[in-house]
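The values are calculated or read from the model by the stated rules, or taken from the named source; none is laboratory data. Quick caveat: nothing in here was measured; it's all calculated off a predicted structure. Every residue, glycine among them, receives a Cβ derived from its backbone with ideal geometry; neighbour counts consider all protein chains shown. Keep in mind that these areas ignore ligands, DNA and RNA; they rest on the heavy atoms of the full protein, side chains included. Shrake-Rupley method; radii C 1.70, N 1.55, O 1.52, S 1.80 Å.
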Amino acid sequence: MTDTATTDRRLAEAAAFSVGQDDSKAGQIVDEIATRIESGDSTLLDYVQALQPFLVSETAEMRSRGTQALVRVTSALPAQAFQKNTVAVLTRFFCSRLTDPTCVPQLLDGVHALQRLPTFGIEEAKVVALGIFKNVHVQSFQQRTRNLAFQVIESIVKSSPRAVKSIGSDFVLGLAQMVDGEKDPRNLIIIFQLIPHLTAAVDLGEYAEDLFEVVFCYFPITFKQRQQDPLEVSPEDLKLALRDAVTSSRHLAAHALGPLVEKLEATSANVKVDVYDMLACGARQFDPQQLRERMPAIVELAREEVAMGSDRRVVDHALMALQALYMAATPAGADAGEVLGLVLDEAVVTLGSDDFGQFGPTTQLIGAVARSSPANCGAVADRVLPVLLGRLDGALSLPGRRRVVDALNELAAANVLFEGCVGALHASRDRLLAVYQLESTAPSSSREHSVLHMSRLRGIQLLVRLRGLLTDDERALGLGALTAPLVDPGEDGDVRAHALELVCELAEDDRLAPAVESVALRALLDALGPTSAGTGHAQFVAEAVRKFGASEPLLDAAARGLVGLLGSPLIPAESETQVARSLRRLVDEATGSAAHGGQALAERLYEPVAWALGSLAQDRTTSERPLGTAALREVALTISVVIRHLGPARQQQCLPQWFDAYGATLTIAQDKESGAQLSQVASAAICSCGPGAGLPVDDVEGWLARLSLVARTAPFEAQRISCCEVVASVINKTADASERERRVAAAVPPGEAIPEDGAGVALFCWVVRAVTARKDACAHDMARSLLAAGASGSAEAGRRVTDGYGLILAPHPWAVVRETGGVLALLHKQRFYSEVMPSILDGFSSASKETKTYYLWVLTRVFQHMPKPVLMHDVKRLLPLLIEALRLEDPDLRATTLETVGIVIGEAADLLRLDLTSTVIPLHLDAVRPGVPENSVRVRCLALKNLALIADKFTYQEIFPSLQVVRRALALATDDRKRVVRSEAVKTRNKWLMLGN
């Protein structure tokens, strides 16, 4: 024996003895064998020969070990290590051993490993399939082995359809026998998903019934999913796979039709839904003649479901199935009279009677039939339309008239589906116009009239959508009738909402969008003029314009219209903010949903929206009534949204314009506060430009120094705030660290004491915000110096520093945020917390009684803007300070503390157990008391929520000492003046009353 053969034999024996015993050692040996094969020192077939004593051993365990070792070596080799003949030899070898049940799991692993190789061809696939079908009784093995066998067959069906086709009906029969009795969902979904591929490759022929019986026995399929396994097969996935399997072939569908109809008589709603679903999906596979024979039973059962209407899901699926089945049962050229009569004969009788009880169900049935095909739609209209129009000629109650109009709408909707007017609908055009009264715009006079009015509006919309039915003038009249409720503040709210939905549907149609723009949009914009009635109406109309603009064809017109309204001094003051807010939402939603980040759309909207808004805001400052503060804020947000979506080159191009506008707002005379308010608009534009847009100034540090001076000395707060925003934004977007350090020094010169005035503190905090977001080292030194300045200054200075900590950490619409190109380093808030919190805690512990309150203020501001997991990580150390902060008199700070305490109660309640009845509960009861300035509505609600959490998290024995006191306080809270507090008090009191019961 050669040295190579000896080495092969030694390694083969070592691999066989170590598999299943020492996987780590076995892995090392297998890797060594694979390396030898790849290097050419040996071949895979040499190792097959070396493992021969194990593979033919009389002992089952030895055979299993040898097979497992061979399979592991095979799986470890790359594809290029296999020759064509090697794959063929191994495939035949593995399949010849399938008669040994002991080795089947390992052999299937080996076959599955070979299937991934490009040299695994059609002949190998045939050998594997026939070997499994002939020699492996799959259902006698455990789940893993069965699953592996099904994966092997699935791979053959999907990747070697020619092999499947050459085996033919034997493959179908073999699969049917292999599947019979399987119950595991993980295996069943593989089976169901491969059947459509099988039916596409093979004519099922005489074995279709065998396969059908094996598969259909699982219908309807139900099982309880194991929630702990996210990879577990879901019931819905399995249900859909079974449906697709049964309906994948006309041969299977032929056997399924009868059993499905029988199962329609089941009592379970879920079973009925599944049956109707399978009938709808399989309709295209059913033989039309067989289907027509079954239609009487199907129609009768569907009619009963729709008439009873006990389960909406069943009704919806029944109608969907009926539509699909009528499409399949009445192919083009076939005589459909008899099968259509199953629905229409009874429908004509019902629609012509005075009993309106079955009008609704009958309308739904004829609608399903009409939507099945253009021919069926015409046949339904020919028979039903004369009956409905005849009913309208007589005397009808309002409910009866509405039901008839609903039935007409159902026919019109079916005609819209097929893009035209069919049959009697077009012939009865004049009578339909008389029914829907396009020229009438009178509002509803009662609730019953409102419901009828909504049905009429729906019909008018359908007439407008029908091609060729209305003239241009009639279409304009119809749009006018649909728009009238939108501009009438006295109209019923449901009618207005329904009309808005209908017109928005028309706006989505490119063909009708121009007419919607010229009639409906124009009317809405006119309604926001000087005659608009109140803010409620203004809000509705402005939101209606926004929803129109959500349609791409109307976006530009809606945006320009809203901008035009803001530019008009005739618009009522109370409507300005609503219009501005709707414009901002329109632009925000449009750019957010647009492709490629909304850049192209932003380019389109820059001139007519962003720049136009800046210009009109400036023009309004010289009018008798400038834009209000809230409206200007919305204008600034809108401009920010547009500019942030522009590309860097376009931002660079437009930035000088905004710099000029900004400079003008900083030199406003002291008696022109309205002009100074414009500084926030220009600030939003400048801050929204990304780092790639260079500043149009030569000396940035000098410019920042001058801007910082204005931030401390400008006469109006809006000017000072805007300067702080721009300074912080420029510093934050400076990429070079040394350059950023110089710009920080230009804004807040080092060595100077932090000023105590509000403007100086605000500027300092904005600069800290800019460098904190980047996690610069100087940020935390500056924050600690700010903390010390607040502690050593006056009480008023301390409050300013407290608010400043909010500026450092709080979100902002455009300055130093990611959305506008700001640089926010990962975990920058966590870094700030870890660096600054020790100084706060040390300062609190060493401070005098008067100064401790200052540190609690700062602590609460940090809590307010810090991620909650950070606080929970440090909660044990912070808990005494949290309890102390509950005594703060500032409502905002008290509310923030209550939120944090609520998180502690929910996630670490044990830490509060010692102080629960002595401190925690009494402080919460104090926060519930009304009439106390520090107990705002938000404070009272949060305290009540925390008390409810306490009832959930602590035992009756732990709460008992405070039980009666809390119940009395909660009883008083149920009489609070604010409804939201009363509602929260009732829920909390119920929990406390249930304690001990």
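Yes/no per residue for (1) in contact with a strand residue (DSSP E or B) (Cβ under 6 Å, 6 or more places away or on another chain); (2) β-branched (Val, Ile, Thr); (3) open to solvent by 50 Å² or more (accessible area, probe 1.4 Å):
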{"site": "485", "(1), (2), (3)": "no, no, no"}
{"site": "489", "(1), (2), (3)": "no, no, yes"}
{"site": "496", "(1), (2), (3)": "no, no, no"}
{"site": "499", "(1), (2), (3)": "no, no, no"}
{"site": "503", "(1), (2), (3)": "no, yes, no"}
{"site": "506", "(1), (2), (3)": "no, no, no"}
{"site": "516", "(1), (2), (3)": "no, yes, no"}
{"site": "519", "(1), (2), (3)": "no, yes, no"}
{"site": "523", "(1), (2), (3)": "no, no, no"}
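For residue 282, are the conditions met, namely being of a type in the set (Gly, Ala, Ser) and open to solvent by 20 Å² or more (accessible area, probe 1.4 Å)?
Judged against the criteria, residue 282 is not a match.
Could you tell me whether the range 657-676 includes any residue that is in a helix (DSSP H, G or I) and farther than 21 Å from residue 713 by Cα?
Yes: the range 657-676 contains one or more residues that are in a helix (DSSP H, G or I) and farther than 21 Å from residue 713 by Cα.
Of the residues in the range 692-726, how many are modelled with pLDDT of 90 or more and touching a Lys or Arg at 6+ places or on another chain (Cβ under 7 Å)?
Matching residues across the range 692-726 total 4.
Just to confirm my filter: which helices (runs of 4 or more DSSP H) fall fully inside the range 48-117 and include at least 2 residues that are in contact (Cβ under 8 Å) with a residue 12 or more places away in the chain, open to solvent by 40 Å² or more (accessible area, probe 1.4 Å) and closer than 22 Å to residue 143 by Cβ?
Per the criteria, 60-76, 104-115.
State all residues of the range 816-848 that are on the phi > 0 side of the Ramachandran plot and open to solvent by 20 Å² or more (accessible area, probe 1.4 Å); if no residue qualifies, say none. Lay out the reasoning, then the answer.
Just the residues of the range 816-848 that are on the phi > 0 side of the Ramachandran plot, to begin with: 816, 821, 827.
Once the filter is applied, which keeps residues that are on the phi > 0 side of the Ramachandran plot and open to solvent by 20 Å² or more (accessible area, probe 1.4 Å), the range 816-848 yields 821, 827.
Quick check, is residue 183 open to solvent by 10 Å² or more (accessible area, probe 1.4 Å), modelled with pLDDT of 85 or more and part of a helix (DSSP H, G or I)?
On the way: open to solvent by 10 Å² or more (accessible area, probe 1.4 Å): yes; modelled with pLDDT of 85 or more: yes; part of a helix (DSSP H, G or I): no.
No: the conditions fail for residue 183.
How about the range 849-877: which of its residues are open to solvent by less than 60 Å² (accessible area, probe 1.4 Å), over 13 Å from residue 802 (Cβ atoms) and of a type outside the set (D, E, K, R)?
Of everything in the range 849-877, those that are open to solvent by less than 60 Å² (accessible area, probe 1.4 Å), over 13 Å from residue 802 (Cβ atoms) and of a type outside the set (D, E, K, R) turn out to be 866, 867, 870, 871, 872, 875.
Within the range 604-626, identify whether any single residue is outside any helix (DSSP H, G or I) and β-branched (Val, Ile, Thr), and answer yes or no.
yes
With (1) open to solvent by 40 Å² or more (accessible area, probe 1.4 Å); (2) touching a residue at least 40 places away in the same chain (Cβ under 8 Å) as the list, and residue 169 as the residue in question, which single condition is left unmet?
The single condition residue 169 does not satisfy is (2).
Could you say which residue among 938, 929, 968 is under 20 Å from residue 860 (Cβ atoms) and open to solvent by 70 Å² or more (accessible area, probe 1.4 Å)?
Numbers: 929 fails: under 20 Å from residue 860 (Cβ atoms); 968 fails: under 20 Å from residue 860 (Cβ atoms).
That would be 938, the only listed residue that is under 20 Å from residue 860 (Cβ atoms) and open to solvent by 70 Å² or more (accessible area, probe 1.4 Å).
Answer yes or no: is there a residue in the range 550-569 that is part of a helix (DSSP H, G or I) and touching a Phe, Trp or Tyr at 6+ places or on another chain (Cβ under 7 Å).
Within the range 550-569, one or more residues are part of a helix (DSSP H, G or I) and touching a Phe, Trp or Tyr at 6+ places or on another chain (Cβ under 7 Å).
Could you give every pair whose Cβ atoms fall below 6 Å, whose first residue belongs to the range 22-46 and is farther than 14 Å from residue 80 by Cβ, and whose second residue is modelled with pLDDT of 70 or more and open to solvent by 20 Å² or more (accessible area, probe 1.4 Å), counting only separations of at least 6 or pairs across chains?
From residues that are farther than 14 Å from residue 80 by Cβ, the pairs are 29/14; 30/72; 30/76; 42/36.
Working only within the range 731-746, note down all residues that are within 40 Å of the chain's Cα centre (by Cα) and either surrounded by fewer than 24 Cβ atoms within 10 Å (Cβ to Cβ) or among the basic types (Lys, Arg) (or both).
Selection gives 733, 734, 735, 736, 737, 740.
Kindly indicate the residue of the range 987-997 that is open to solvent by less than 70 Å² (accessible area, probe 1.4 Å) and in a helix (DSSP H, G or I) and also nearest to residue 935 (Cα to Cα) among those meeting that condition.
Among residues in the range 987-997 that are open to solvent by less than 70 Å² (accessible area, probe 1.4 Å) and in a helix (DSSP H, G or I), the one nearest to residue 935 (Cα to Cα) is 988.
Can you find, within the range 474-483, the residue that is most open to solvent (accessible area, probe 1.4 Å) among those that are aliphatic (A, V, I, L, M) and under 14 Å from residue 507 (Cα atoms)?
476
The conditions are (1) modelled with pLDDT of 90 or more; (2) within 27 Å of the chain's Cα centre (by Cα), and residue 606 fails exactly one of them. Which is it?
With (1) modelled with pLDDT of 90 or more; (2) within 27 Å of the chain's Cα centre (by Cα) applied to residue 606, the lone miss is (2).
What is the residue count in the range 366-377 for residues that are open to solvent by 10 Å² or more (accessible area, probe 1.4 Å) and either outside any helix (DSSP H, G or I) or touching a helix residue (DSSP H, G or I) at 6+ places or on another chain (Cβ under 8 Å) (or both)?
Residues flagged as open to solvent by 10 Å² or more (accessible area, probe 1.4 Å) and either outside any helix (DSSP H, G or I) or touching a helix residue (DSSP H, G or I) at 6+ places or on another chain (Cβ under 8 Å) (or both) within the range 366-377 amount to 2.
Is it true that residue 120 is assigned to a helix (DSSP H, G or I) and aromatic (Phe, Trp, Tyr)?
So residue 120 fails the test.
May I ask you to verify whether residue 640 is within 31 Å of the chain's Cα centre (by Cα), of a type in the set (Ser, Thr, Tyr) and in a helix (DSSP H, G or I)? Break it down into steps so the answer makes sense when it comes.
Working: within 31 Å of the chain's Cα centre (by Cα): yes; of a type in the set (Ser, Thr, Tyr): yes; in a helix (DSSP H, G or I): yes.
Judged against the criteria, residue 640 is a match.
Where the second residue is among the small types (Gly, Ala, Ser) and the first is free of Cβ contacts under 8 Å to residues at least 40 places away in the same chain and lies in the range 272-288, which pairs have Cβ atoms under 7 Å and are six or more apart or on separate chains?
So the pair list comes out as 282/253; 282/256; 285/249; 285/253; 287/254.
Does the range 691-726 hold any residues that are part of a loop (DSSP other than H, G, I, E, B), over 20 Å from residue 739 (Cβ atoms) and over 44 Å from the mean Cα position of the chain (by Cα), and which are they?
The answer is 714, 715.
Would you tally the residues in the range 186-229 being part of a loop (DSSP other than H, G, I, E, B), within 25 Å of residue 250 (Cβ to Cβ) and open to solvent by 50 Å² or more (accessible area, probe 1.4 Å)?
2
Residue check, residue 357 against (1) assigned to a helix (DSSP H, G or I); (2) within 30 Å of residue 298 (Cα to Cα); (3) at pLDDT 85 or above, all met but one. Which one?
With respect to (1) assigned to a helix (DSSP H, G or I); (2) within 30 Å of residue 298 (Cα to Cα); (3) at pLDDT 85 or above, residue 357 is out only on (3).
Results for (1) without any contact (Cβ under 8 Å) to a residue 40 or more places away in the chain; (2) surrounded by fewer than 21 Cβ atoms within 10 Å (Cβ to Cβ), shown as yes or no for each residue.
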site: 329; (1), (2): no, no
site: 335; (1), (2): yes, yes
site: 348; (1), (2): yes, yes
site: 360; (1), (2): no, yes
site: 379; (1), (2): no, no
site: 382; (1), (2): no, yes
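Considering only residues that are open to solvent by less than 10 Å² (accessible area, probe 1.4 Å) and either closer than 13 Å to residue 732 by Cβ or touching a residue at least 60 places away in the same chain (Cβ under 8 Å) (or both), which ones fall in the range 770-801? Spell out how you get there, then give the answer.
Start the filter on the range 770-801 by keeping residues that are open to solvent by less than 10 Å² (accessible area, probe 1.4 Å), which leaves 770-773, 779-780, 783, 786-787, 790, 797-798, 801.
Those that are open to solvent by less than 10 Å² (accessible area, probe 1.4 Å) and either closer than 13 Å to residue 732 by Cβ or touching a residue at least 60 places away in the same chain (Cβ under 8 Å) (or both): 770, 771, 772, 773, 779, 787, 790.
Considering (1) surrounded by fewer than 21 Cβ atoms within 10 Å (Cβ to Cβ); (2) modelled with pLDDT of 90 or more, say which one residue 460 fails and leave the rest.
All conditions are met except number (1).
Condition test on residue 390, is it under 28 Å from residue 270 (Cα atoms) and in a helix (DSSP H, G or I)?
Working: under 28 Å from residue 270 (Cα atoms): no; in a helix (DSSP H, G or I): yes.
No.
Which of (1) part of a helix (DSSP H, G or I); (2) without any contact (Cβ under 8 Å) to a residue 12 or more places away in the chain; (3) charged (D, E, K, R) is the odd one out, the single condition residue 162 does not satisfy?
So residue 162 meets the others, but not (2).
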